[in-house]
Structures are given as structure tokens and as C-alpha cells.
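Any read-out appearing in this document is the output of simple, stated calculations on the displayed coordinates, not a laboratory observation. Bear in mind the structure is a predicted one, so any value in this text is a computation, not a measurement. Note that we place each Cβ from the backbone using ideal geometry, even for glycine, and neighbour counts take in every protein chain shown.
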Amino acid sequence: MSIPGAVREALAQDRLIPYIGPGVLALDPACPIPVTPEALASRFAAKVAVPHKIRSNLTAAAQFIENFKHRKTVSTLMRDAFSVSVAPNALHDWLAASRPALLVHVWYDDVLRVALKAHGDDWGSVQAVSQAEHHGAWVHYFRHDGTRVDHASWATLIYEPLGALNPAGNFLVSDSDLVEVLTEIDIQTPIPQEVQALRQDRGFLFLGCRFTTQLERAFARQIMKRSRGPHWAVLPDTQTRNESRFLSEQSITPIIVDLAAFTHALSSAAPAPYARALVNGA
């Protein structure tokens, strides 16, 4: 396949924000960590007795465990699920080399962080934190080495709206975690000011994401809110009715192709910093 020219140009000019979902991990069929919410919920159920009717519902299963086994049990299960070392794949490597101003990472692994470490240290992350563990705070900021700081001041910022394994094991995963955020997200309170500023003149490129659940759609809608666009999403030709409606409502153009094929085409192109240098005549 060939990547649409408008997408290639927008990436080269840092006008597209990669929005990276768990499906990016599935580029490796043998990936040892969960690559879907259902797979993560199954891991929970294998460790702790969870009612049958919620065994495939990640947020409900996490809430049940939090209620009956304590929040620390949820955090331990999350660390166990994602602590296995996973090497970055070709898409992680390309995105890390391209060094966009903003990357949105909507899963709990640290593979993108590993990829970025190979391309310098002028990057950091802003990570959502649970109100159950950090009452009154929505996010924490971290340098590339895991040191916590008060604000972002890097060439590349990773925004992790669900938290992540590293550097501090912050996870938004239970119903109560997400209700807290969704109550405020429409007025943008939980979304860092740096993210709001960086998205204004950019669009989004959704990679490894689906929009089949209300939660997936709510986060995508609010994170891309007030961004200029245009937006694209790499998706298979098996969209649900809700997905198709969401794409239309949010003016997201689907790129109907297998993510592996898209990654192969992307990997054949120069990462964005080099493309920008060519455009600028450097």
C-alpha cells in the first residue's frame, strides 16, 4: 500500500499527533503482555475470583477487585501484567525516531518509552493518576529518566491519559477511576494545558485504536477536542455501526488497511525530523 500523500506530508511537518492504542502491540503476534482490554480482564480473572458476568469487562472487573481485595491488589495485578520486557516494534521505532511534539499513548505498557530512550533524552511524559491514590491531582509529569517534575519542558511529550506501568505505576483502570475523569473531561479539566496547546494546530492519526466502546470514543473525542485536524484512523474494513457514526461525527477519515501493511509503508519513509530537514533544505 501507499500512505495517503496528505498523511505523509502532515507527519513530515509535525502536524499530526500519533494516538497510539493497544493494537500497536498486536503487530507482534507473540506479544507477552495484554493487547486488548478483554485480555487484561482475563488476566485479572485468572488471578482473582471475579463474577462470570464481568470477567471480560476490564473496568468492572478492576472495580470488583478494588472493592473486595483493596486497591493495592489492582495495582499489583497491573504491574504483573505489564512488567514483562517487550522490545519496540517497527512502528514504535519509527514514531520514536520521528520525534513529534506530542504522542498520545492510550495503554499501560512502557514500550514506547523504551523506543524513545534510543533517540535521545529531550522527552518526557505527563501521566494520568488515580484520584483514589492521588486525591486532587489529575496528572503527574516525569522526565525521561523517571524523575518527577512540575511541568513539561521537552521537545517531545508523551501524554498517557490512562496512566502506565512506568515510571511510577499510575493506572486508571477501575470504574471509579474513570468516572472521576469522565465527570470532568467534557470541560477539559483532566487534560494537561500543554496537550491542549499542542493539539490546537494539529490533527490526529489513530493507530492501533478501535472505537467500539463508549469509553474509547469518549477519550478520543475529548482529547482531540478543539484541534484543527484533519484526522485519520488506520482501521480494518470491519467497523461497527457505532464506530462508523463516530468517525463521521468527528470528521475522522478511515484508512482501510492492515496496521502491519501501514507500518511497512511508513517504515520505508524517512522519520519526520529527516523529512522536515529535506523540506527546509537542510
Report summary line: Rounded to the nearest Å, the spacing of the alpha-carbon centers of segment 147-194 and segment 52-78 is 20
Report task. List the pair-distance distribution P(r) of segment 37-82, using every Cα-Cα distance, as the percent of pairs falling in each 10 Å bin from 0 up to the bin containing the longest distance, rounded to whole percents. Result -> 33, 63, 5
Query - Packing-based ranking, highest mean first, of 123-129, 199-205, 225-231, 211-217 given that Cβ atoms within 10 Å are counted - result: 123-129, 199-205, 211-217, 225-231
Report summary line: Most packed first (mean Cβ within 10 Å per residue), the peptides 47-54, 114-121, 101-108 order as 101-108, 114-121, 47-54
Report summary line: Within the under-13-Å Cβ sphere about Ala152, not counting Ala152, Lys/Arg +1 and Asp/Glu -1 give a net charge of -2
**Report entry** Along each principal axis, Cα extent of segment 32-152, largest first, Å
**Finding:** 45, 35, 18
Report task. Work through the residues other than Asp122 whose Cβ is under 13 Å from its Cβ and net out their charges, Lys, Arg +1 and Asp, Glu -1. Result -> +1
Query raised in the report: How far is it, in nm, from the label point at Thr212 to the one at Ala118 when both lie 7 Å from their Cα along the line to the Cβ?
Result: 3.1
**Report entry** For Ala26, net neighbour charge (Lys/Arg +1, Asp/Glu -1) across residues whose Cβ lies under 13 Å away
**Finding:** -3
Report task. Among the lysines, select those whose C-alpha is under 24 Å from the C-alpha of Lys53, and discard any that sit fewer than 8 residues away in the same chain. Result -> Lys69, Lys72
Report summary line: Spelling it out for Gly203: with amide H atoms placed in the peptide plane at 1.01 Å from N, the residues 5 or more places away or on another chain with amide H under 5 Å from its amide H are Leu16, Ile17, Gly229
